[in-house]
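Here the structure is laid out as structure tokens; the discussion comes afterwards.
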Amino acid sequence: MQATMQISSMNAAALAGEQPRPELEQVFVQHKDLVFKAAYRVTGNPGDAEDALQTVFLRLVRQEVWPDITNMPAYLRRSAVNASLDILRRRKEAQFSSLDDETDPVEAVSAATAGRSTELRDWLRHALARLNPRSAEMFVLRFIEDYSNREIAGMMKTSPAVVAVILHRTRTQLKKDFKAQARSGR
């Protein structure tokens, strides 16, 4: 599995002069599934989730001084969300296509019921990639990772009121975008 490759990558980094901390391997073994699942929920793609997993731990390997992490699972989930959003943004930039490129945009929007949930997830992933990174991160932590506003505020070093305002604005914007997309698809 890819997880074995990541540990080998950490060992290779050590041979290249980057000394990984012994506790990093333990952190990796304990939390790799958590990071993968968080990334998979955001990207919807196992390959992209593996890329996010690798990115999270390579960033830790490369840090000369570890940040003061009081809640490792929360820190790693947040890192996975950020890495996943970065992947979605890069994918969006690389594969941008307009509705004019579609042969029949009405048919694409009015797919069978089974395809609707997939379309909705894809739309949400693309919409998150277009958002301000901080707003997207808070949205994912709240509505996908199911953290409370207070927990998000602690992770992002802000107040729960700021989190609530940003989440409200983000949801309002996403609803407006979704309605506009639905109207244009009819």
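The values are calculated or read from the model by the stated rules, or taken from the named source; none is laboratory data. All figures in this text were calculated on a predicted structure; none of them were measured in a lab. No Cβ is skipped: glycine too gets one built from the backbone with ideal geometry, and neighbour counts run over all protein chains shown.
On inspection, Leu53 fails the criterion of being closer than 20 Å to Pro133 by Cβ, in contact with a His (Cβ under 8 Å, 6 or more places away or on another chain) and at pLDDT 80 or above.
Contact map, the stretch 142-156: residues that are without any contact (Cβ under 8 Å) to a residue 24 or more places away in the chain and β-branched (Val, Ile, Thr) paired with residues that are in a helix (DSSP H, G or I) and surrounded by fewer than 16 Cβ atoms within 10 Å (Cβ to Cβ), Cβ distance under 9 Å, separation 6+ or inter-chain. Pairs shown: Ile152/Pro160.
On the given criteria, is Leu99 touching a Pro at 6+ places or on another chain (Cβ under 9 Å), at pLDDT below 90 and not hydroxyl-bearing (Ser, Thr, Tyr)? Taking the combined requirement at face value, the residue satisfies it. Listed by first and then second residue, the pairs linking a residue in the stretch 117-138 that is buried (at least 16 other Cβ atoms within 10 Å of the Cβ) to a residue that is among the acidic types (Asp, Glu), with Cβ atoms under 6 Å apart and 6 or more places separating them unless they lie on different chains, are Ala127/Asp177.
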